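Reviewing the structure listed below.
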Amino acid sequence: MLAGLLALLAVLTVRSRFDDPDLWWHLKTGQIIWTTHSIPVTDLFSYTTGRHAWIPHEWLAQLVIYAAYQWGGYSGLMLWLCFFTGAVLIAGYGLCALYSGNAKVAFLGAMAIWFFGAIGFSIRPQLIAYLFLIAELALIHLGRRRNPRWFFWLPALFAVWINCHPSFMLGLIVAAVFLFSSLFNFRSGSLAAVPWDARCRGALALALVLSLAALFLNPVGIRQVLYPIDTMLNMPLLLGNVEEYAPLNLGTASGAALLGVLLSSFLLAATRKSELYFDELLVLAAAAWLAVSHLRMLPVFGILAAPILCRQLATFWEVYKAEEDRVWPNALMIGASLLAAWLAFPGRANLEGQVEAQSPVKAVEFIQASHLSGPMLNDHPFGGYLIWAAPQHPVFIDGRTDVFEWTGVLGEFGRWAMLQDDPHALLDKYGIQFCLLTSHSPMVRVLPLMHDWKLVYSDDHAVVFARTAP
């Protein structure tokens, strides 16, 4: 019954989140893989990078996204989003129940995963990665508590994970933390380190070695394995300017909730209401550091912290007794939840309206109807939609920030967009013939002052400037 409520919550949460700017280039990449039966390893969508080498670190997830579109169009994509959001919440609920042994307390854990994870619920490969992280935690718990054979599902998990999202590196670190903490044996107040038996520790170590080998089952080998490290060490513009990589403001609701979870866990241990294990302390510290450093890591914090807090709270709420279940009231509520989810699912007109509200749909129609040609300069948020809706116009920049930072295009565009360079320089360097900009871009006020540019289209969302004839 509670899982049914979580399925309804998933639909209600994402029903108005159809048009993520990055959806479209993921969708286009999936289409190319689907139709050509090959995985692109160079940039195919922009003219500014010179077909630079590109690491297809999400190709399998992109193929799954396009399969949903191929099956059901926009409705298929929304069903994909609802399914994976619901799967994350329900799997997270199952993980919390597994950790705590209390199905009622576990629901609170699922709600924590929902609260912290909502920022990441969109049609993007990272949603699948959240599910993989939950699966990894479940496998480690089952291998430790029941049978070490569960550990040997980890290599298969990582073989798929590396082809879906770069967060596989986080998964390796989490597993390594558990292996490291298994070596310790101490107790200090309510903080305890419980050593694993040699057989269990050896099985996890072997599974991790096999998982490392499984990472090389990808299209470009070692470059894909090292991609997450390269992102963190060598992409300062990506980490410093993309909103989802911004640090968490502890004064927001999310910041206060994060501090509340940490404080609750530590107070339960400090007052000896519940023990806190050494591996849990390490996981909580790492998860909190990641979330405070980058907003996009809030869902990871929720997934890692919720099972720990649920285990600590397990004795505070009466344990669930299956034999006391009332079948028909439960069935009625499950049916009502699924019916409400079906009724809340947005129709095609609603989805098309969401796309039009967020993407330059009308502006693209104008560009095509006016037969504008030549190199185009587009704002960063519009790049993905242009890749999908106007493939005849190669983009200047889009959400694949990595390849644009590698080639220096991201830095050039940033200085141009923020009026830090002569605006003529970039336009002349690339021979730009028209610009598609967001209505709030600072350049919208500058281009009309330049004698060789004129405004040819505008709406509440986008503007188009064209170069005048010399």
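The values are calculated or read from the model by the stated rules, or taken from the named source; none is laboratory data. Keep in mind it's a predicted model, so treat the numbers as computed, not measured. So basically every Cβ, Gly included, is an ideal-geometry build from the backbone, and we count neighbours across all protein chains shown.
Scanning region 208-225 for residues that are surrounded by fewer than 14 Cβ atoms within 10 Å (Cβ to Cβ) and either polar (S, T, N, Q) or part of a helix (DSSP H, G or I) (or both) turns up V209, L212, A213, I222.
Which members of region 72-90 meet the condition of being farther than 19 Å from A340 by Cα and either in contact (Cβ under 8 Å) with a residue 12 or more places away in the chain or within 16 Å of the chain's Cα centre (by Cα) (or both)?
The answer is G73, Y74, L77, V88.
Only residues that are surrounded by 13 or more Cβ atoms within 10 Å (Cβ to Cβ), part of a helix (DSSP H, G or I) and not aliphatic (A, V, I, L, M) were counted in region 317-345, giving 2. Counting only residues that are over 18 Å from C164 (Cβ atoms) and either in a helix (DSSP H, G or I) or among the β-branched types (V, I, T) (or both), region 53-68 holds 0 of them. Within the group G414, G408, which residue is out of contact with any Phe, Trp or Tyr (no Cβ under 8 Å at 6 or more places or on another chain) and either at positive phi or among the aromatic types (F, W, Y) (or both)? So the residue among G414, G408 that is out of contact with any Phe, Trp or Tyr (no Cβ under 8 Å at 6 or more places or on another chain) and either at positive phi or among the aromatic types (F, W, Y) (or both) is G408.
Selection of region 22-42 for residues being of a type outside the set (D, E), surrounded by 18 or more Cβ atoms within 10 Å (Cβ to Cβ) and in contact (Cβ under 8 Å) with a residue 60 or more places away in the chain yields L23, W24, W25, H26, L27, K28.
Per-residue answers, yes or no, for (1) surrounded by 16 or more Cβ atoms within 10 Å (Cβ to Cβ); (2) of a type in the set (A, V, I, L, M); (3) touching a strand residue (DSSP E or B) at 6+ places or on another chain (Cβ under 8 Å):
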residue: E412; (1), (2), (3): yes, no, no
residue: Q420; (1), (2), (3): no, no, no
residue: H424; (1), (2), (3): no, no, no
residue: L427; (1), (2), (3): yes, yes, yes
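Based on this model, can you work out whether E244 counts as among the charged types (D, E, K, R) and closer than 25 Å to R149 by Cβ? Against the criterion (among the charged types (D, E, K, R) and closer than 25 Å to R149 by Cβ), E244 does not qualify. Close Cβ contacts (under 6 Å, 6 or more residues apart or on different chains) running from residues in region 380-399 that are without any contact (Cβ under 8 Å) to a residue 12 or more places away in the chain and within 16 Å of T29 (Cβ to Cβ) to residues that are part of a helix (DSSP H, G or I) and of a type in the set (S, T, N, Q) are absent.
The residue pairs whose first member lies in region 269-284 and is closer than 18 Å to F301 by Cβ and touching a residue at least 40 places away in the same chain (Cβ under 8 Å), whose second member is surrounded by fewer than 20 Cβ atoms within 10 Å (Cβ to Cβ) and of a type in the set (F, W, Y), and whose beta carbons are closer than 8 Å, counting only pairs six or more residues apart or on different chains, are L276/F266; L282/F180. A single member of G408, G414, G431 is touching a residue at least 40 places away in the same chain (Cβ under 8 Å), under 30 Å from H57 (Cβ atoms) and among the small types (G, A, S), and it is G414. Annotation note: of W34, W71, W80, the sole residue that is assigned to a helix (DSSP H, G or I) and within 21 Å of L133 (Cβ to Cβ) is W80. Any idea which of L263, L259, L276 is crowded, with 17+ Cβ neighbours inside 10 Å, within 25 Å of A112 (Cα to Cα) and not aromatic (F, W, Y)? Among L263, L259, L276, only L276 is crowded, with 17+ Cβ neighbours inside 10 Å, within 25 Å of A112 (Cα to Cα) and not aromatic (F, W, Y).
Selection of region 143-179 for residues being without any contact (Cβ under 8 Å) to a residue 60 or more places away in the chain, surrounded by fewer than 23 Cβ atoms within 10 Å (Cβ to Cβ) and in contact with a Lys or Arg (Cβ under 9 Å, 6 or more places away or on another chain) yields P148, W150, L179.
Scanning region 226-245 for residues that are modelled with pLDDT of 85 or more and surrounded by fewer than 16 Cβ atoms within 10 Å (Cβ to Cβ) returns L226, I229, D230.
Matching residues to (1) modelled with pLDDT of 95 or more; (2) out of contact with any helix residue (DSSP H, G or I) (no Cβ under 6 Å at 6 or more places or on another chain); (3) closer than 29 Å to L338 by Cα:
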site	(1), (2), (3)
Q31	yes, no, no
T35	yes, yes, no
S46	yes, yes, no
A53	no, yes, no
L60	yes, yes, no
Q70	yes, yes, yes
